[in-house]
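Chemist: Can you keep this structure in mind? I'll have questions shortly.
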Amino acid sequence: MSSKPDRPPSRLRFVCLRVRERLAATRARIDRWFPDREFIMRAQGQVRFLRLPARTQKRAAAGALVLALVYVGSITTFALIRWHESRDATALLGRQARVEKAESRVAAYRRNLDDVTADLKRRQDFIEKVTQAHLGVLPEDGKDDETVTDSRSEAARTIDKVNAAVPEAGALARMEGRQLAFVERLTRYADRRSARGLAMMRRLGVDPGMMLGALGGGSAGEAAMGGPLLALSTEADGAIDPRFARLGASLARMSALDRAISRMPQVLPAGGESISSGFGYRADPFTRHGSFHPGLDFRGPLGAGIYAAARGTVSFVGQRSGYGNCVEVTHGPGLFTRYAHMSAFRSRVGQQVAAGQVIGAIGSTGRSTGPHLHFEVRINGHPTDPRPFLEARSHVSSTIVSPAVGPATAAGTGKDIRPSEASE
């Protein structure tokens, strides 16, 4: 039985032959690099021949190669060692730098916190000083009938807790307590000013609800509201602290009452300081019998200005029996003022007038004995003594400033409207 040829040994022999051939080719190439060499040397007139065999050259080249490898290896090893040392040193310096940077930033934050707190304190000082300059000293303590909170004791406890837990924030906690105390004092001021306004209106016989209702929805111009929504909040989540909400409500109520009071007679309607006839009982200048005088008479020169006693709307311009030429200004539901015996009209029906604005000129029309202004205040049609209205506001003065708006003109004429005189 014949066996198959042994292929693996034949392949191995072939590989070995190829390796021997490559080694032989390499050896032959090296031999060509290092042939036997002879050097001719001349010294002191003698010529010598120096023979350098191939084997010596190969040994010298091998030695040089070994030395070069050793040198490169040592340099590489040294470089690796230095690189590792440098990397470790850099990492250490980086860790130290990060620690120092964090500590310096914390210190900076603490310094900045002190700076921010100082800035807030200066701002609060400024706010309180400006407020005191314009409003006076705000009330510190509440009254029994007031509902404004007093957070001073709670703020003190909060400051103690914050100081114990976060000492760096203690100054901010104190600023917060001071801010809340200021808000509460300002709320008390607004409430007390509103209470004084309500009391004054009731004392003068004016219904506060009627006047406030007129401002809130009485006239179409003032009732119309709108605009973009710009929500206010004091907290990060959009909520508002109840104490700030209470302050807003108190200030809004105070503002509404101030606007209502601004529509009540408060400015002297004539520049003269002499009142020739008061309100109530008097001897009639024509009959010399007792009669009721429903207003005040202000003596003045013919043609002198007559001023609106309060902000309002001109509701009548013309003649009335006994009054002659007169103007009526409506200031709210049921409240109007009447100006009589005019020599000229300087206003027109429907005109909005401000307190102190010229609406006419002093004359002697109607039932009059000489140039003067007859001034009335009427509530729901009934005459009321004008003197308490004019004396109710502490800033009322007998000196009337120049009117903000010039004389009203006839439609398109540019001339004062001069009515014909009439007498009863």
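The values are calculated or read from the model by the stated rules, or taken from the named source; none is laboratory data. Since we're looking at a predicted model, the values are computed, not measured. Cβ: placed from backbone, ideal geometry, glycine included. Neighbour counts: every protein chain shown. With ligands, DNA and RNA removed, areas are computed over all heavy atoms of the protein, side chains included. Shrake-Rupley method; radii C 1.70, N 1.55, O 1.52, S 1.80 Å.
Chemist: For the ranges 159-170, 175-186, what's the packing order if you count other beta-carbon atoms within 10 Å of each residue, average per peptide, and put the highest first?
Modeler: Going by the mean number of other Cβ atoms within 10 Å, highest first, we get 175-186, 159-170.
Chemist: Compute the length gained on full extension between R87 and D284: take 0.36 nm times their separation in residues and subtract their Cα-Cα distance, giving the result in nm to one decimal.
Modeler: Length gained between R87 and D284: 59.5 nm.
Chemist: Using alpha-carbon pairs under 8 Å, 6+ residues apart, how would you state the relative contact order of segment 290-399 in percent?
Modeler: 32 percent
Chemist: With θ set to phi - 60° and the Karplus curve 6.51 cos²θ - 1.76 cosθ + 1.60, what are the ³J(HN,Hα) couplings of segment 134-149 in order, to the nearest whole Hz, using x for Gly and Pro?
Modeler: Per residue, the Karplus-derived 3J(HN,Hα) values read 9, 10, x, 6, 6, x, 7, 9, x, 9, 4, 8, 9, 10, 6, 5 Hz.
Chemist: How many nm separate the modelled label positions at F126 and L69, each set 7 Å beyond the Cα in the direction of the Cβ?
Modeler: Once both label points are built, they end up 8.2 nm from each other.
Chemist: Now for a different question. Can you give me the accessible area per residue for segment 145-203, using a 1.4 Å probe, in Å²?
Modeler: Working: 3230 Å² over 59 residues.
Per residue, segment 145-203 has 55 Å² of solvent-accessible surface.
Chemist: Obtain the nm distance between the two label points defined at V116 and R29 by a simple spin-label model: each point lies 7 Å from its Cα along the Cα-to-C-beta direction.
Modeler: It is 7.5 nm.
Chemist: Compute the Cα gyration tensor for segment 241-390, then decide on rounded, prolate or oblate, letting a ≥ b ≥ c be the square roots of its eigenvalues: rounded whenever a/c is under 1.5, prolate when a/b is larger than b/c in the other cases, and oblate in all that remain.
Modeler: Verdict is prolate for segment 241-390.
Chemist: Let me ask something else about it. Around R27, what is the net charge, scoring Lys/Arg as +1 and Asp/Glu as -1 over all other residues with Cβ under 14 Å from its Cβ? Kindly include the intermediate steps, with their values, before the conclusion.
Modeler: Details: positive: R20, R22, R29, R32, R55, K58; negative: E21, D31.
Spelling it out: positives minus negatives among the neighbours equals +4.
Chemist: What is the sum of charges around F279, taking Lys and Arg as +1, Asp and Glu as -1, for the other residues whose C-beta is under 15 Å from the C-beta of F279?
Modeler: That sum, taken over residues with Cβ under 15 Å, equals -1.
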